[in-house]
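These notes concern the structure reproduced below.
The values are calculated or read from the model by the stated rules, or taken from the named source; none is laboratory data. Keep in mind that this is a model prediction, so the values were computed, not measured. Here Cβ is always computed from backbone atoms with ideal geometry, including for glycine, and neighbour counts include all displayed protein chains. For the accessible areas, the whole protein counts, side chains as well, though only heavy atoms, and no ligand, DNA or RNA atoms are used. Shrake-Rupley method; radii C 1.70, N 1.55, O 1.52, S 1.80 Å.
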Amino acid sequence: MKVITKALLGAGALALSAGVASAQDGVSACLITKTDTNPFFVKMKEGAEAKAAELGVTLKSYAGKIDGDHESQVAAVEACVADGAKGILITASDTKAIVDSVKAARDAGVLVIALDTPLDPIDAADATFATDNFQAGLLIGQWAKATLGDAAANAKIAMLDLAISQPSVDVLRDQGFLTGFGIDTVDINKWGDETDPRIVGNEVTAGNEEGGLKAMEALLAKDPDINVVYTINEPSAAGAFEALKAAGKEGVLIVSVDGGCPGVADVKDGVIGATSQQYPLLMASLGIEAIAKFAADGTKPAPTEGKAFFDTGVALITDKPVEGVESIDTTKGTELCWG
């Protein structure tokens, strides 16, 4: 955690804009995010802009209209290649469908780094800087199971996922949670094929509050006795909570992933029981550093030892720690949060 803290404190946040700084030696880069409204991607953009300004890299930023807007991301990749970018940082909305566009960019000599969401296959990008999303899910699954104790054997679980296309981040978090909870994932490379009777069902949220509310309403209609809710991220968790509150449901255990400041506040307030915190600013700043290094001498970034990606860290945040699951409290989580 010391490395993460130092990196977060050392990178300042700049005003959001399409391009920053004047480039030294003509190095340019692109950042392509799923949206420009989710606080996670806002902070990612801030990290990229700050590091680009520091290193004298010209940065252009693009985003989909909504999470899942694959077409806008394809157009952005093509624009970056046409503009002569040396590198592209991308959080892909559709991790399979983007592969052909990424291959074309790499064939043109552009370094492509996936941020947060590994491509499918992961080696379709030159490198991936990300949270270990399976570990993030595993932690909240272990915490939920330990918190319930013997009642976990009869839990009724709502799974609030991201998108029908099942991007890798969606699958990894979902399957990590189920593994941590002790549920057979059947095919760990996809969600929704589980047969455990404790799972009420899967609904998609598009990663936002409205989607979380509608998904929760749909699953409550299926089984009003749901007592555990897995959510892909904290905005969808906030929506799920509103649906539960409107239905008069109290004491439902909600877990999530992100670690943004609003999400950490929701943990402190008891809206979310526990969340896994990730570090988007660090992902983006390291990505810009890698592009600058590649432009200087052709060096490509190496993954963390023993993993297929560079692991930027994850920590479980809860004010109700359980034995056997390492965590930090909301006071520490607030020091490290973003958004």
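For segment 245-339, the relative contact order comes to 33 percent (Cα pairs under 8 Å, sequence separation of at least 6). Each residue, Glu78 and Asp225, gets one label point 7 Å from its Cα in the Cβ direction; the gap between the two is 5.3 nm. Principal semi-axes of the equivalent ellipsoid, √(5λ) from the alpha carbon gyration tensor of segment 211-263, are 18, 10, 9 Å from largest down. Identify all aspartates and glutamates with a Cα-Cα distance to Lys60 below 17 Å; exclude those on the same chain that are fewer than 8 residues away in sequence. Excluding near neighbours in sequence, the set is Asp25, Asp36, Glu46, Glu49, Glu78, Asp83, Glu289.
Computed on segment 217-339, the Cα convex hull volume stands at 145 Å³ per residue.
Relative to the Cα centre, the charge distribution of the chain, modelled as +1 at Lys and Arg Cβ and -1 at Asp and Glu Cβ, gives a dipole magnitude of about 540 debye. The residue among Ala53, Ala79, Ser285 whose Cα reaches farthest toward the positive pole of the charge dipole of the chain, with charges on the beta-carbon of Lys, Arg, Asp and Glu, is Ala53.
Give me the percent of Cα-Cα pairs in the chain that sit more than 26 Å apart, rounded to a whole number. Please report the intermediate quantities before stating the final value.
Numbers: 25597 of 57291 pairs.
Roughly 45 percent, rounded to a whole number.
For segment 56-117, the per residue solvent-accessible surface stands at 37 Å², with DNA, RNA and ligands left out and a 1.4 Å probe. With helices as the sole contributors, the chain gives -13000 deg cm²/dmol at 222 nm; each DSSP H run of n ≥ 4 counts as -39500 (n - 2.57), and the sum is divided by every residue. Here the contact order of the chain, divided by its residue count and restricted to Cα pairs under 8 Å and six or more residues apart, works out to 19 percent.
Protection proxy ranking, highest mean first, for peptides 115-121, 243-249: 115-121, 243-249, where packing is the per-residue count of other beta-carbon atoms within 10 Å, averaged.
Counting only protein heavy atoms and using a 1.4 Å probe, what share of the accessible area of the chain belongs to carbon plus sulfur, as a whole percent? It is 52 percent, rounded to a whole number. Note on Lys249: lysines with a C-alpha under 18 Å away, same-chain residues under 8 apart excluded, are Lys156, Lys214, Lys222.
In this structure segment 188-339 gives 43 Å² per residue of accessible area when probed at 1.4 Å with all protein chains present.
Ranking Lys320, Lys96 by solvent-accessible area of protein heavy atoms (1.4 Å probe, all protein chains present), from largest to smallest, gives Lys320, Lys96.
Each Lys and Arg Cβ is given +1 and each Asp and Glu Cβ -1; about its Cα centre, segment 22-67 then shows a dipole of about 160 debye.
Of the residues Glu49, Glu335, Glu326, the one with the largest accessible area comes first in the ranking Glu326, Glu335, Glu49, computed with a 1.4 Å probe on protein heavy atoms. Scoring 182-191, 56-65, 253-262 by mean Cβ neighbours within 10 Å over their residues and listing the highest first yields 253-262, 56-65, 182-191.
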